[in-house]
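The values are calculated or read from the model by the stated rules, or taken from the named source; none is laboratory data. Since the model is a prediction, treat every value here as computed from it, not as a measurement. Cβ coordinates were reconstructed from backbone atoms using ideal geometry, including for glycine residues, and neighbour counts include every protein chain displayed. Quick note on the areas: whole protein, heavy atoms, side chains included, nothing else; ligands and nucleic acids left out. Shrake-Rupley method; radii C 1.70, N 1.55, O 1.52, S 1.80 Å.
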Amino acid sequence: MFEMQFRSKMYEPQPSDILKRLASAHPDKLDWYYGINGHPYSDHIRHSFSNQAYRKEVLHQGTTHVAVGFVDLGLLLEGTLQEPPTNHSGPLHFVGVELSSYAVAKTMVVWEMLKQSPRDPAKKEDHMHFILQAWFSSTWSQGTARALNSAISALCTIKEKYHEEVQKLLRHWVGTASVSVANARREIAESTTDALSSIGHLLKKRDRIALAQYELTRDFAIHGQDGPACGNILMHSCPDGTPPVAHDETIFSAFNWFDILKILREKKTASLMKAAELWALDRITKVADWATSGMVSVELICAPIETVVPEIAARRPWTMSWSNLCDYIDLSDFHSMARDCSRNGDTIHYGYSMNWVLNVYGVFLLDYMGPHLSTLRGKLIEQANETVRQKNKAMEWSQYLRFPPPTNPINTTSHFLAMTHFRNWGDYFFGLARESGPCTVANIEHVGIGVSPLSTTGSNTVAFTWTYDPLVSFNALPES
């Protein structure tokens, strides 16, 4: 039905279609779409965890990594930790800089829970479930509240002056007795958009049932037979003035889809949700071992990055990750700030853009309107569907995913069209960097090909690795 609508010569985009294409009703964005340049803007919302799939970045002991706009500890969850470079020693020092006091406070709690992981294997497995619930689940099983209270109490007894808003959150959480499961369910229902259900993508009944339960509850890694005991305080109990939670949050926006399906293939009796839990347990156990052994230390700063640039530069970061900060500030200003943070040299930068498509004409089906383009729209839909079919076959996803995908053609065609434009945008992005000095690019990668079809975000994300130091060489890296 969707495809017939777009193939019609009579089709004209509705206001809702234009808003979907622009992801904004801001006058500047509307002016840009109709011929006048404008800049994107962002509403302030609260993320329980990342809305972009965690990437397998390489980190080194004995160095400092600065994560700007980190949201959570996903970089550690999926990253690899290598031996120190020459003339370096000690742990990896992870420095997170984040404007969101909520992200800082919650991540402090999660890291403290990781540091308190017991060494006894039986107790440790339960504790890993407690951490995953605190991080990703709407509700908790028995024991999670005790583990969380222990972590928050430890943070509140440390003689350290936290950011005022971070301190406010910690005190609120330590003073919250509990949140009922009913209240957690109500808040999840209010933040869920019915039209974004991903259940129809799955072929196997077992997986559809498991995903339906998750979409209705957002419960994850609930351990034991008794089910959830209470709601997640970190998610469902925040002081007045805390930004609202993002709609339609899903672990499938953050977790590695390739690895989850690999587990699903190897453990044929596991459901999709069980495979996701096994993936997360493996990763969280790794990070817990780093935390308890002292291989990694974590320091979190609640501040706008532009106010701490000299401090960051003085730490001589070996690597820096920027999340998608470049989506929200002038690109030239972004490069100027990133270059300044690495003024002492030796720094490799990681970053990505999720919103570049919103400012590039020709990457959405809605950019090809009018009766004279109806045939072209039809061909774009066919080519996009064929690309999906080939990808599912190549990745061995066909036995799990329905084809054609039960989704709006705007989604499938935007991914297809983005593949033809992302390198040009990347060249433009780094061309701006070179206007003010050296800039060497290791790779520009469209990561959408591996994004889960169950994710509500990130299907057109472009990621890149680069340096401003002319003495750093990427010759040893494979070409993207």
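A simple spin-label model places pseudo-atoms 7 Å from Cα toward Cβ; at GLN82 and GLU306 they are separated by 3.5 nm.
The label-point distance for LYS391 and VAL472, in a model that sets each label 7 Å from Cα toward Cβ, rounds to 2.9 nm.
Between THR292 and SER178, the simple spin-label model (points 7 angstrom out along Cα→Cβ) gives 2.8 nm.
With both bridge residues required to lie in the chain, what share of the DSSP beta bridges run antiparallel, to the nearest 5%?
Details: 14 of 36 bridges.
Counting DSSP beta bridges with both partners in the chain, the antiparallel share is about 40 percent.
Could you sort out which of LYS106/LYS286; LYS56/LYS123; LYS268/LYS379; LYS56/LYS262; LYS115/LYS161 sit more than 26 Å apart by Cα distance in this structure? List each step's numbers first, then the result.
Values: LYS106/LYS286 20 Å; LYS56/LYS123 28 Å; LYS268/LYS379 38 Å; LYS56/LYS262 16 Å; LYS115/LYS161 20 Å.
Exceeds cut-off: LYS56/LYS123; LYS268/LYS379.
For the chain, carbon and sulfur atoms together expose 53% of the accessible surface, with a 1.4 angstrom probe and every protein chain in place. Applying 0.36 nm per residue to the separation of GLN399 and ALA212 and subtracting their alpha-carbon distance, the gain on full extension is 65.4 nm. Loop-resident trypsin sites (Lys or Arg not before Pro) (DSSP state other than H, G, I, E or B) in segment 149-181 with no more than 15 further Cβ atoms inside 10 Å of their Cβ: LYS159, LYS161.
Computed on the Cα trace of segment 126-259, the radius of gyration divided by the Kirkwood hydrodynamic radius gives Rg/Rh = 1.00. When peptides 386-393, 415-422 are sorted by average Cβ neighbour count within 10 Å, with the highest value leading, the order is 415-422, 386-393. Using C-alpha pairs under 8 Å with a sequence gap of at least 6, the mean separation divided by the residue count of the chain gives a relative contact order of 21 percent. In this calculation the C-beta distance from ASP120 to HIS372 is compared with R0 = 60 Å, giving a FRET efficiency of 0.25. Based on a Kirkwood Rh over C-alpha pairs, give the Stokes-Einstein translational diffusion coefficient of segment 204-313 at 37 °C and viscosity 0.692 mPa s in µm²/s. Using the Kirkwood radius from Cα pairs, D works out to 189 µm²/s.
Any chance you could check the Cα centroid distance between segment 84-106 and segment 396-466 for me, in angstrom? If you average the Cα positions of each part, the centres end up 27 Å apart.
Among HIS129, HIS88, the order of accessible area from largest down is HIS88, HIS129, computed with a 1.4 Å probe on protein heavy atoms. A protection proxy built from the mean count of other Cβ atoms within 10 Å ranks the segments 341-351, 71-81, most packed first, as 71-81, 341-351. For segment 237-277, the solvent-accessible area with a 1.4 angstrom probe is 42 square angstrom per residue.
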